[in-house]
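Okay, so here's the structure we're looking at.
The values are calculated or read from the model by the stated rules, or taken from the named source; none is laboratory data. As the structure is a computational prediction, the values presented were derived from the model and not from experiment. Note that each Cβ is placed from the backbone with ideal geometry, even for glycine, and that neighbours are counted across all protein chains shown. Each accessible area value is taken on the protein alone, full model and side chains, heavy atoms only, with ligands, DNA and RNA left out. Shrake-Rupley method; radii C 1.70, N 1.55, O 1.52, S 1.80 Å.
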Amino acid sequence: MDSRFDFESSRAEISALWNSVNIANPDIVRTLSYSALAYSEQMRNVNQSSKVQKNSHRITSPRLEPYVLVLPPPNLTGILHMGHGLNCTVQDSIIRFNRMLGREVLWLPGTDHAGIATQQKVEAELKSKHKTKEALGRTAFWEYTKQFAEKNKDTILMQFEMLGASFDLGRYSFTLDEKRAQAVFHCFKTLYDRGLIYKGNYLVNWSPGAGTALSDDEVEYKEVQGHLYYINYQLVPPSALNVTSQQDRIHKTDIAQNIKNETKVRHIQIATTRPETLLGDTAVAVHPEDPRYVDFVEQGYSVRIPVCGRIVPLIADARVSQEFGTGAVKVTPAHDKNDYALGIAHELAFMSVIDEHACMQGDIPNEYRGLSVGEARSKIIEVLEQEGHLVCTKPHVHQVGHCHRTGTVVQFLLSEQWYVRMHDMAQKALQAWKRGDIVFYPQTWEKTFEHWLTHVRDWCISRQLWWGHRIPVWYHRETGEAIVSISDPSDKKGLEKNSYVQDKNVLDTWFSSWLWPLSTIGWPQHTKEFIKYYPNTSLVTAYDIIFFWVARMIMAGIEFTGLVPFKHIYLHGLVRDAQGRKMSKSLGNGIDPIELIHEIGPDALRFTLVYMCAQGRDVLISKDSFQLGTKFVTKVWNASRFVLASCENVLGGSGEIMEYKEVLKSKHLKLVDRWIVGELQDCARVVERAMSQYRVDEAAHEVYKFFWNSFCDWYIEFSKFYIQVEDDFNKDRADKTSKPKTSKAATDGTRIQSSATVLLVVLQQSLRLLHPFIPFVTEKIYQLLQDRFPFDSDIRHVLAAEAYPHIDHPDTFCHDITNIVLPHFSTGDNTQKKTETREMSKSREATEISELQELISELRRVRSELQLPKKLKLDVCFVELKDNVSIYKHKDLIEFLALIKLLDSENRECQSIKVVGSFFEARVYITNDDYDFSAQTQLIRSRLSKLHEQEKSLSKQLSNPQFTQKAKPEYREKIRLQYETLVETTKKLASILDSVE
RNA sequence: GGGCGAAUAGCUCAGCUGGUAGAGCGCCUGCCUUACACGCAGGAUGUCGGGGGUUCAAGUCCCUCUUCGCCCACCA
């Protein structure tokens, strides 16, 4: 075995192993132990699930519901980015964890056709080939795009496999496939029949870049440094107007003469950021109480628009702010949201002067027709300046809507579109949330969710695209009658074919995505799958699509089934670079997950992401961040390598392992064995609690700490003593010391073997603990472990299908190669008394092990601080040992790990220094070196000053009567004990200082 | 304008229900100790953004101010 895990060569092999047992398919009964060969016989009928489960060894418990999760379908526009990497990793960790808990797990994958984004990409591709979609025609374009999507789908699924995603590919869904199309149609028809879908001519957000209308949510407002142009509009007194022309005074330019005849030409000044829209102005509005303009309004003045000379009314409306600009606003009802509302209220004319390409059009002076909005703006400013209408220009920062897909500035146009009425659905969703049917993790998002639903507006669902679900509405060629139908209704109506023509537009992509939890499991049919898996357990996604997707899914779920689509929503953060910027191609700060997998492996990538995914926070990473995962995976690999090699050495190969079932009785287990098992179980418990709260980062932290600090730093080091006892070190010591001591372990073969076996078991269990996060390396080791020490003679166990170590499943803890019953943790007996004894003995042992660790650390510290060479064995003698002789039980272990020799009596012949701990005072002899004691004095001094400070604060606290009266007794006692220990330690240290000086 | 969040070691961040501050990286010292130098053993480092309050006790709860993010809405 190499000292680095060769993930490149193992990845495919392990994926193949998982595939061979179809790990992701919930329809297969998994006995705890898989037989790859026999797996096909385990296919079961869903109907018989309960029966089969009962007979299987699987730890599936009836009290556990199935765990159901749908993958947020990635867009088929390209390849996966780091955000997908995070999303996938988090879900897979949750899924693997729940699978190992014995739940029936369904994780359903799929992809999204992403209407606008995909069509954009394809059109760009066509453009580079000097083609257009129009030249291709709708059918050919569709086929072309389909192929494009198909190609990306293959890449994306391969990438998911590289990440280790254990979703059920057999249930792969695509938002645009036949089944999903059925669901979309059913949805449309139902909503239409319920009166929740309507068509109308309204002001829409129009993306000139994508050539389609957008929903409000697809518009991104960005701050833009623009200008505020102050323009004089000429005031026209009613006398100048021909009374009979009041009705159609717009376009009347022949009254210009009348105006000229007025002696005093007066102006009203307006302010605008979009002067080009003045061509579409059909009024000027002021506040009804604005003293500057109130007279003009009352007297029925009109206004003459510069450039085009049109006369429009001066209107009064309370929505106009007196404070902003000049208090007078030009009104362009066809191209501005607020003006649209004014236009409706005052029955103004709607003049469309901007077309769908953001070019000027309509009833405007010829020289402007066809100019782009930008060109028109420049030209109009020029003309206004020449004609003296432009008063001034001021810089102005304002928010401008941009198409969130193409980035082009959104225009507001009048257009006929389809809409979904949202209000009632939103109310139902709010009620469900208030009832607690749905819970957000972290909960902070609930307010955002509530706010959006409370203020939701109708959803524009039609898109002027070709790639998507065609709107299932057919219009009669002559009568215009509209029929909702998936295909030409002519036949059904007994009419000639092609009597109807289908709506040209397609539906918003989200109109299929919002059905995702429904459509992927059979809806609108009430299939068994649907009944079993709906509602899903949870949804795991990034917070940026809470409106687009999450809120809408909830509404759809409730609208169509009366139930929320999932119970938990875990919203994780976005992946950003180390400076907190979004990863993007233009910034060049992106990290390609697949490239990185080739570099560091999937486990290192996964572990880092999960470790850093703190709730409610974005994940800021640079390439350096991944060291964390890389190092951890290597550590796991090497520790396992050591365990395997050592155990092979001690146990001598695979055949013998079976005998150890007998050997491993509790009486052979040592303190350190029980300790590490306890640590492992504690860790598993914390992981379970963390995972149930979607605190994946915390779970990762815990397993990291357990594996590295407890298992590697302590337990493996302990075990080296028990299994490597007959090495040179001990021989050396035996030669040197007057009283040679053969280790107990060395003389007791059974004990070595049991130690090795426990080591194997703990490793095996640790692998299970780690597997949800780093599946590849752990699975690889699990297989290697079985190569040498098969758990069962005929069955090859797959780690991904093993049981998670769990305190509540004692039988699952040490199964297979061991069946050892661990005295403290066996739960066979639950009587109160026994529990107490167990707890007491657990705490006594906990003290023992922490004292052992403290002593070893202190002795190591002395060596390190005094810079004594490692090879120098130090003699140590206890001067004082606080009511604890049990430490002597571990004499050999201490000597081994601290590289010392414990003497029975004080040796006064050479120099020595004292070491003080919380429960001991010892003398360390420095035999064969001259040693400068001043260094030690220095160290003691600095330590003393710290202790004194602590002592002071504790004593202050203890002498406070308030504290003694009010603090919790347990805490008071704790502080008192702490203080006593501190005083004692300080005393000892002080006396050492005295003796040295 | 409304909402949410963040300010903790040089850097990036943990710190769940109040009990006397942690990790990784970086830094210093010593080690290539036959699992691992992507390592081991030690070590240093913090007025927990400022101010006030509640409490025996506040990084943690409340108020307030400052700075910085994000989301939503928007006065043209």
Handout entry: Residue among A:Ala551, A:Ala578 that is within 16 Å of RNA strand B (Cβ to nearest atom), over 18 Å from A:Arg695 (Cα atoms), open to solvent by 50 Å² or more (accessible area, probe 1.4 Å) and aliphatic (A, V, I, L, M)
Key = A:Ala578
Exercise for the section: Look at region A:587-605 and say how many of its residues are in a loop (DSSP other than H, G, I, E, B), surrounded by 15 or more Cβ atoms within 10 Å (Cβ to Cβ) and more than 13 Å from RNA strand B (Cβ to nearest atom). Expected result: 4
Exercise for the section: Return the pairs, sorted by first residue and then second, in which the second residue is away from RNA strand B (no atom under 13 Å from the Cβ) and in a loop (DSSP other than H, G, I, E, B), the first residue lies in region A:596-620 and is in contact (Cβ under 8 Å) with a residue 40 or more places away in the chain, the beta carbons are less than 8 Å apart, and the residues are 6+ apart or on different chains. Expected result: A:Pro602/A:Gly164; A:Asp603/A:Gly164; A:Asp603/A:Phe773; A:Arg606/A:Gly164; A:Arg606/A:Phe773; A:Phe607/A:Phe773; A:Val610/A:Phe773
Handout entry: Filter pass, A:Trp433 being away from RNA strand B (no atom under 16 Å from the Cβ), in contact (Cβ under 8 Å) with a residue 60 or more places away in the chain and touching a Leu at 6+ places or on another chain (Cβ under 9 Å)
Key = no
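I'd like the full set of residues that are of a type in the set (Asp, Glu) and under 18 Å from A:Val184 (Cα atoms), limited to region A:541-572.
Applying the first criterion (of a type in the set (Asp, Glu)) to region A:541-572 yields A:544, A:559.
The one that is of a type in the set (Asp, Glu) and under 18 Å from A:Val184 (Cα atoms): A:Glu559.
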Handout entry: Lone qualifier among A:Thr448, A:Thr444 - being modelled with pLDDT under 90, surrounded by fewer than 16 Cβ atoms within 10 Å (Cβ to Cβ), within 30 Å of A:Val506 (Cα to Cα) and of a type in the set (Val, Ile, Thr)
Key = A:Thr448
Problem - Among the residues listed as A:Ser912, A:Ser934, the single one being modelled with pLDDT under 80 and under 30 Å from A:Lys720 (Cβ atoms) - result: A:Ser912
Practice task
Specify the residue that is least open to solvent (accessible area, probe 1.4 Å); the eligible residues are those in region A:691-708 that are near RNA strand B (Cβ under 8 Å from one of its atoms) and free of Cβ contacts under 8 Å to residues at least 40 places away in the same chain.
Solution key: A:Glu698
Practice task
Could you grab me the full set of residues in region A:560-583 that are within 18 Å of the chain's Cα centre (by Cα) and part of a loop (DSSP other than H, G, I, E, B)?
Solution key: A:Gly573, A:Leu574, A:Asp577, A:Ala578, A:Gly580, A:Arg581, A:Met583
Problem - Residues of region A:188-210 satisfying the condition of being open to solvent by 20 Å² or more (accessible area, probe 1.4 Å) and either within 17 Å of A:Val353 (Cα to Cα) or of a type in the set (Ser, Thr, Tyr) (or both) - result: A:Thr190, A:Tyr192, A:Tyr198, A:Asn201, A:Tyr202, A:Leu203, A:Pro208
Practice task
Inspect region A:400-418 for any residue being open to solvent by less than 10 Å² (accessible area, probe 1.4 Å), hydroxyl-bearing (Ser, Thr, Tyr) and away from RNA strand B (no atom under 16 Å from the Cβ) and give the result as yes or no.
Solution key: no
Fill in the blank from the handout: A:Leu874: passes all of (1) on the phi > 0 side of the Ramachandran plot; (2) at pLDDT 75 or above; (3) more than 49 Å from the chain's Cα centre (by Cα) but (1)
Practice task
Please indicate, with yes or no, whether at least one residue in region A:558-568 is farther than 30 Å from A:Ile197 by Cα, open to solvent by 10 Å² or more (accessible area, probe 1.4 Å) and of a type in the set (Val, Ile, Thr).
Solution key: no
Handout entry: Residues satisfying the stated conditions in region A:147-178, i.e. more than 23 Å from A:His81 (Cβ to Cβ) and assigned to a helix (DSSP H, G or I)
Key = A:Gly170, A:Arg171, A:Glu178
Fill in the blank from the handout: Those residues of region A:754-773 which are within 11 Å of A:Glu802 (Cβ to Cβ) and either at pLDDT below 90 or open to solvent by 10 Å² or more (accessible area, probe 1.4 Å) (or both) amount to A:Gln764, A:Gln765
Problem - Count - residues of region A:1-14 that are in a helix (DSSP H, G or I) and touching a Gly at 6+ places or on another chain (Cβ under 8 Å) - result: 3
Exercise for the section: Considering only region A:606-633, state which residues are near RNA strand B (Cβ under 9 Å from one of its atoms) and hydrophobic (A, V, I, L, M, F, W, C). Expected result: A:Met612, A:Ala614, A:Val619, A:Leu620, A:Ile621, A:Leu628, A:Phe632, A:Val633
Exercise for the section: Starting from residues that are farther than 24 Å from A:Tyr230 by Cβ and over 48 Å from the mean Cα position of the chain (by Cα), keep the ones in region A:327-375 and report whichever is most open to solvent (accessible area, probe 1.4 Å). Expected result: A:Glu347
Practice task
Quickly run through region A:952-997 and pick out the residues that are away from RNA strand B (no atom under 16 Å from the Cβ), farther than 16 Å from A:Glu880 by Cα, in a helix (DSSP H, G or I) and open to solvent by 40 Å² or more (accessible area, probe 1.4 Å).
Solution key: A:Asp994, A:Ser995, A:Val996
